[in-house]
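The values are calculated or read from the model by the stated rules, or taken from the named source; none is laboratory data. Only a predicted model underlies this, so the values are computations on that prediction, with no experimental measurement involved. Cβ: placed from backbone, ideal geometry, glycine included. Neighbour counts: every protein chain shown. Ligands, DNA and RNA are stripped out before the accessible areas are found, and what is left, the full protein with its side chains, is counted by its heavy atoms. Shrake-Rupley method; radii C 1.70, N 1.55, O 1.52, S 1.80 Å.
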Amino acid sequence: MYIHNINSIGQGVSLPNSQRNYTLFNEAKTQEIVNKKEQALPYINECLKTAQSEEEVLGCLHILNKMLDNGVKGIDKMYPVLSKFNDAISPNIQTMLAGIYRKTLIPDAFGPLNKMLIRQTFMPNSPYFDPTEEIGGAIFEYIKQAAAVNTYSKIKN
């Protein structure tokens with residue numbers, strides 16, 4: 001299977017600005033790739049490895065986020081390439097990663113999420129939105145899931 005123009009994922013991505021506090025994506029291209037489901041994951045993985053711009057990274061992360069919403073399996077296995085962006089200074093990338101980590105609950109991502117939250121708390125760098133909302137929400141989801149596992153495992157015993 002070949003995905004046409006996988007390296008052009010960043011085209012059509014428009015970053016937040018003073019008139020809009022969210023990123024715009026090429027939704028037609030996103031949906032085309034999302035529809036390929038698990039077959040598209042190797043291409044997204046390669047795109048993330050070779051991304052040259054924030055827009056390309058965000059386009060790939062947006063596709064993964066949509067895939068998670070559509071029940072695509074195996075995205076949690078992409079943590080090695082996703083973790084490459086854990087130290088990204090971009091609040092846009094941090095927010096997208098936090099959303100993916102919130103849905104996948106990859107154990108290794110908990111520490112980097114805390115680091116992102118601390119960075120955004122003491123050195124906020126987005127004039128257009130508050131990244132701590134999504135990052136904090138992801139951390140809360142990890143804590144909530146851990147508490148539920150702990151609580152319900154005691155009930156079964």
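Starting from the Kirkwood Rh over alpha-carbon pairs, what translational D in µm² s⁻¹ does the range 1-93 have by Stokes-Einstein at 4 °C and 1.567 mPa s?
This corresponds to a translational diffusion coefficient of 97 µm²/s.
Over the chain, give the accessible area per residue in Å² for a 1.4 Å probe, as an integer.
55 Å²
Keeping all protein chains in place and using 1.4 angstrom, which order do M78, M96 fall into by accessible surface area, from largest down?
If we order M78, M96 from most to least accessible, we get M96, M78.
Averaging sequence separations of C-alpha pairs under 8 Å and six or more residues apart, then dividing by the length of the chain, give the relative contact order as a whole percent. Don't jump to the answer; show the numbers that get you there.
Working: 169 pairs, mean separation 33.1, N = 157.
Averaging sequence separation for qualifying contacts and normalising by length gives 21 percent for the chain.
What is the log10 of I(q)/I(0) for the range 106-157, computed with the Debye formula using one identical point scatterer on each Cα and no solvent, at q = 0.27 Å⁻¹?
-0.99
Mean Kyte-Doolittle of at least -0.5 plus a Cα span of 15 Å or more along the axis: flag which DSSP H helices in the chain meet both, please.
Working: long enough: 54-69 (22 Å, 0.21); 91-104 (19 Å, -0.26); 110-122 (18 Å, 0.12); 132-156 (35 Å, -0.10).
Those that clear 15 Å and a mean of -0.5 are 54-69, 91-104, 110-122, 132-156.
Suppose every Lys and Arg Cβ carries +1 and every Asp and Glu Cβ carries -1, with no other charges. What dipole size does the chain come out with about its Cα centre, to the nearest 20 debye?
Computed about the Cα centre, the dipole is about 520 debye.
Could you tell me what percent of the accessible area of the range 1-125 is made up of carbon and sulfur, with a 1.4 Å probe and every protein chain present?
53 percent
Using only the heavy atoms of the protein chains and a 1.4 Å probe, how would F85, F122 rank by accessible area, largest first? Please report the intermediate quantities before stating the final value.
Details: F85 25, F122 160 Å².
Sorted descending by solvent-accessible area, the residues read F122, F85.
Between the range 60-86 and the range 34-56, what is the separation of their alpha carbon centroids in Å?
Computed from Cα coordinates, the inter-centre distance equals 9 Å.
Highest mean first, what order results for 100-110, 65-75 on Cβ atoms within 10 Å?
100-110, 65-75
Just how large is the dipole of the range 33-113 about the Cα centre, in debye to the nearest 20, putting +1 at every Lys and Arg Cβ and -1 at every Asp and Glu Cβ?
300 debye
Which residue, chosen from L113, N21, A40, occupies the Cα position most advanced towards the positive end of the dipole of the range 1-147, where the dipole is computed from +1 (Lys, Arg) and -1 (Asp, Glu) charges on Cβ about the Cα centre?
A40
Holding the Cα-Cα limit at 29 Å, pick out from K49/K144; K29/K115; K36/K84; K84/K154 the pairs that are longer than that.
K49/K144; K29/K115; K84/K154
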